[in-house]
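The values are calculated or read from the model by the stated rules, or taken from the named source; none is laboratory data. Please read these numbers as outputs of a predicted model, since none were measured by experiment. Note: ideal-geometry Cβ built from the backbone for every residue, glycine included; neighbour counts use all protein chains shown.
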């Protein structure tokens, strides 16, 4: 399932740990909030994704190490949750809701407009300039304001095909 | 109040009174609105007295199941011999539902206060609030509010000088509908895949980290301060005839209505009033065709059934569906029911955790058969096949996700059969490319 380099063929670039310095201190503050280290797994994975944009095999190894888990276990958890990226994505990650409440209000046209205006062409692909990746997601929980989209952490409501161009221009 | 619309005279505004008011987001603003009086009062009561008050109010779980809240709390051990936990379910992911999001965005301290009272009542010193990963704004608002509550002594080691300790931890989900199921949520907090657990043991016996745990929905907990402050009798009086369904309910209405949004109504309000008076009826020139009244997991109603429904737990059941989360999806006569039922089946297939065969296979095959029908390649036998699959998906799995996939399929075939037949007979242009 991993979209990263094949086992044993990765270029020998040195991996820079995420949990060093202030990030390590932040993680250790979390330890006090849970009775087990394992419970810090989802927060730790979020920290990795914030720092690196995605969760690589090496990062999985590092997280396993700091939380005293096995890499296989961590990978099992990473792949369960759809918001963790197991491969690099564009600088801006766009999630569009197309579940029924938005679907009946025109969400599929918003998807088409986004794929066109970002240059991504198809769902899951990154635009040639590296700016965007667009995916369809299930219910974003803002059904009264169709169509909601998430661009990185920006939650944007009432998106219509006409508004897409202006939204895309806001992101470098 | 019908956020983002002005309040409608037929609404009963309690939880949503301050939606849209930025002042209510701050600790000082919340206190000016009368906030944190209920928590102070609760801290002077015994745990048992709080549970009894909530029991007497008739409050039932607002996340979907409708289980009596006070009764749930009373299942927790009386003596605290090992840590007890409160978990607040803020993973709002049920298609059609967007009410908890507004509670967190506009009145975060209402939720914190409700959680603090509930934690004390069940003997918990720590509460985890599990917020879905996509809710970036509610997360920011809640984080700031928890910090402020802590700084003002409403949380911490000695809450308002009572000697009681209440700690609140926000936990971010990462994109999995199933984590809204309470046992899957506990696994997720523990750093596991979000697979639901077999019950028993029930959470009150062995829940989060194996300890006695209570899980309540955001809206349920936010109602608790009002009950303590104004009394169980007041809350119980918010009822239009059926004493089993009391209080107010936030209704999220989306789809084909003129004014989608959140509305707060007294239990027992005619559903017709919500659809026509509050939401303004169907878009110009359209007629209502179908309503899914309680989030996508409940049976679909025809417009006629919905318009004759009394909106409370029993009233919706009487008309063949369920109140659920009261996330209401309204579809007008432009809607292709087969396409939308397929889209819902696809949702459940995507969100199945895949540990039960009936769900893993059933949701996937249901989706594929519906795809085949939409591509103009359906067979008359497909009706029976879908119904047989649905039968095998209902009541046979660890959680109710597969039942939820079956609900729109079975009710859809019952009520909108001619639309399926049109695709199968080739009388309708295929909606999907060949599969």
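Does residue A:146 satisfy the condition of being at negative phi and within 14 Å of chain B (Cβ to nearest Cβ)? When the stated conditions are applied, residue A:146 passes them.
Contact map, the range A:26-42: residues that are facing chain B (nearest Cβ under 9 Å) paired with residues that are modelled with pLDDT under 95 and crowded, with 16+ Cβ neighbours inside 10 Å, Cβ distance under 7 Å, separation 6+ or inter-chain. No pairs are found.
Of the helices (runs of 4 or more DSSP H) contained entirely in the range B:301-371, those carrying at least 2 residues that are touching a strand residue (DSSP E or B) at 6+ places or on another chain (Cβ under 6 Å) fall at B:303-307. State whether one or more residues within the range B:161-168 are out of contact with any strand residue (DSSP E or B) (no Cβ under 6 Å at 6 or more places or on another chain), within 13 Å of another protein chain (Cβ to nearest Cβ) and not in a loop (DSSP other than H, G, I, E, B). Scanning the range B:161-168, I find no residue that is out of contact with any strand residue (DSSP E or B) (no Cβ under 6 Å at 6 or more places or on another chain), within 13 Å of another protein chain (Cβ to nearest Cβ) and not in a loop (DSSP other than H, G, I, E, B), so the answer is no. Considering only residues in the range B:269-288 that are surrounded by fewer than 22 Cβ atoms within 10 Å (Cβ to Cβ) and within 14 Å of chain A (Cβ to nearest Cβ), the one that is nearest to the chain's Cα centre (by Cα) turns out to be B:280. Restricting attention to the range B:97-142, the residues that are within 13 Å of another protein chain (Cβ to nearest Cβ) and assigned to a helix (DSSP H, G or I) add up to 12.
The residues of the range B:226-238 that are buried (at least 24 other Cβ atoms within 10 Å of the Cβ) and over 17 Å from residue B:249 (Cβ atoms) amount to a single one, B:228. Checking A:151, A:134, A:168 one by one, the residue that is within 26 Å of residue B:97 (Cα to Cα), surrounded by 14 or more Cβ atoms within 10 Å (Cβ to Cβ), more than 11 Å from every other protein chain (Cβ to nearest Cβ) and in contact (Cβ under 8 Å) with a residue 40 or more places away in the chain is A:134 and no other.
Rundown of residues vs (1) at pLDDT below 95; (2) over 16 Å from the mean Cα position of the chain (by Cα), yes/no style:
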{"position": "B:212", "(1), (2)": "no, yes"}
{"position": "B:215", "(1), (2)": "no, no"}
{"position": "B:219", "(1), (2)": "no, no"}
{"position": "B:223", "(1), (2)": "no, no"}
{"position": "B:227", "(1), (2)": "no, yes"}
{"position": "B:235", "(1), (2)": "no, yes"}
{"position": "B:240", "(1), (2)": "yes, yes"}
{"position": "B:246", "(1), (2)": "no, yes"}
{"position": "B:249", "(1), (2)": "no, no"}
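Checking every residue in the range A:127-137 against the condition of being assigned to a strand (DSSP E or B) and over 28 Å from residue B:131 (Cβ atoms) gives zero matches. Residue-level check: of (1) within 11 Å of chain B (Cβ to nearest Cβ); (2) surrounded by fewer than 19 Cβ atoms within 10 Å (Cβ to Cβ); (3) closer than 25 Å to residue B:332 by Cα, residue A:109 misses just (1).
Within the range A:67-83, the set of residues being assigned to a helix (DSSP H, G or I), more than 12 Å from the chain's Cα centre (by Cα) and buried (at least 19 other Cβ atoms within 10 Å of the Cβ) comprises A:67, A:74, A:75, A:77.
Condition check ((1) surrounded by 14 or more Cβ atoms within 10 Å (Cβ to Cβ); (2) touching a residue at least 60 places away in the same chain (Cβ under 8 Å)) across all residues:
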{"residue": "B:6", "(1), (2)": "no, no"}
{"residue": "B:10", "(1), (2)": "yes, yes"}
{"residue": "B:21", "(1), (2)": "no, yes"}
{"residue": "B:25", "(1), (2)": "yes, yes"}
{"residue": "B:38", "(1), (2)": "yes, yes"}
{"residue": "B:46", "(1), (2)": "no, no"}
{"residue": "B:63", "(1), (2)": "yes, yes"}
{"residue": "B:66", "(1), (2)": "yes, yes"}
{"residue": "B:80", "(1), (2)": "yes, no"}
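When residue A:120 is tested against (1) touching a helix residue (DSSP H, G or I) at 6+ places or on another chain (Cβ under 8 Å); (2) surrounded by fewer than 22 Cβ atoms within 10 Å (Cβ to Cβ); (3) not in a loop (DSSP other than H, G, I, E, B), just one condition goes unmet, and that condition is (3). For the range B:148-158, the set of residues classified as surrounded by fewer than 22 Cβ atoms within 10 Å (Cβ to Cβ) and either assigned to a helix (DSSP H, G or I) or free of Cβ contacts under 8 Å to residues at least 24 places away in the same chain (or both) consists of B:148, B:150, B:151, B:153, B:156, B:157, B:158, listed by residue number. For the range B:173-190: of the residues being buried (at least 21 other Cβ atoms within 10 Å of the Cβ) and in contact with a strand residue (DSSP E or B) (Cβ under 8 Å, 6 or more places away or on another chain), which is farthest from residue A:47 (Cα to Cα)? Filtering the range B:173-190 for residues that are buried (at least 21 other Cβ atoms within 10 Å of the Cβ) and in contact with a strand residue (DSSP E or B) (Cβ under 8 Å, 6 or more places away or on another chain), the one farthest from residue A:47 (Cα to Cα) comes out as B:182. Inside the range B:169-200, residues that are away from every other protein chain (no Cβ under 14 Å) and in a loop (DSSP other than H, G, I, E, B) make up a count of 4.
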